1. Once the whole set of protein chains is in place, how much accessible area is left on Lys42, using a 1.4 Å probe, in Å² to the nearest 10?
2. Give the accessible area for Ser196 in Å² (nearest 10); use a 1.4 Å probe, count only protein heavy atoms, and leave out ligands, DNA and RNA.
3. With all protein chains present, calculate the accessible area of Trp98 using a 1.4 Å probe and round the result to the nearest 10 Å².
4. Using the per-residue mean of other Cβ atoms lying within 10 Å as a proxy for protection, in what order, highest first, do the peptides 108-115, 241-248 fall?
5. For the stretch 186-257, with all protein chains present and a 1.4 Å probe, just round the carbon and sulfur fraction of the accessible area to a whole percent.
6. Given the pairs Lys171/Lys218; Lys197/Lys231; Lys165/Lys257; Lys115/Lys211; Lys149/Lys231; Lys230/Lys257, which span a C-alpha to C-alpha distance of over 27 angstrom in this model?
7. Between Thr198 and Thr130, what is 0.36 nm times their sequence separation minus the Cα-Cα distance? Round to one decimal in nm.
8. Let me check something: with ligands and nucleic acids excluded, how do Ser105, Ser163 order by accessible area (1.4 Å probe), largest to smallest?
Amino acid sequence: MDSSSGHLDAASFLQIWKLFDAQDRGYIEGKQLDDFVGQIMKKLGKNVSKWTFPCICLYVYLSAYILATVILPEEENFLLLFRRETPLDNSVEFMRIWRRYDADSSGFISAVELKSFLQDLFQQHNKHITPEKLEQYTDTMMKMFGKNKDGQLDLKDLARILSLKENFLLKFEMDACSQTDRKRDFEKIFAHYDVSKTGELEGPEVDGFVKDMMELVKPNLTGADLDRFKKALLSHCDVNGDGIIQKNELALCLGLKLTP
């Protein structure tokens, strides 16, 4: 690593960060934080005041996003801060994004598809970047979040980029015995995925529900898995075959009979 350049970009920051956050916890603490700071100071050289990092180290631990804000210029820290600033709290919106950018329906996001996502992201935030920078950011994000190192992102990888919140279904006891409790939980669950408030699940609403439901039993759910489970659910629940799951249809699939 060249420690004399006095320059730190997002790629270099992440390269150093991953040396100390090997378990991908999203933060560094204790002795590792001291060593991380030392590496950053070596990389930046005279561009950083000697008082900057001692002040930072007053924290018990620091997340990558806080550090990125302090250390990197705005154009470099944007992609790191994006995850903190725009977390998704519903798998429906997540699946809407997944379907849009998995343009070839391969079940993965390729580097080309990721670049398209990042380009749209910058445009939405009124940030202009050069084609060269876009290539660099695509490569950096792929290296940071592509756990399989195969040049593709799966569902889990994109969920990490978009900072998708915890699976909504984890809030509920799926083996509840009381019919009253089950009906109450069903109403809450259906309302969560019925984003359009139409009384039925369609498109990404079905995708979001299937994703969260199947991840309860298969944590490493792939795009191909999701499509297969969705097809099975529709064949079982979608009585009239219109690709839409009515509220009563889903209730019957789950062994519930809703009162009129």
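1. It works out to around 130 Å².
2. Using a 1.4 Å probe on the heavy atoms, I get roughly 70 Å².
3. Approximately 0 Å² for this residue.
4. Going from most to least packed, we get 108-115, 241-248.
5. That fraction is 58 percent.
6. Lys165/Lys257; Lys149/Lys231
7. Fully extending the segment from Thr198 to Thr130 adds 20.2 nm.
8. Descending accessible area places them as Ser105, Ser163.
The values are calculated or read from the model by the stated rules, or taken from the named source; none is laboratory data. No experiment lies behind these values; they were computed from the predicted model shown. Virtual Cβ from ideal backbone geometry, glycine too; neighbours counted across all protein chains shown. Only protein heavy atoms, including side chains, enter the accessible area calculation; ligands, DNA and RNA are left aside. Shrake-Rupley method; radii C 1.70, N 1.55, O 1.52, S 1.80 Å.
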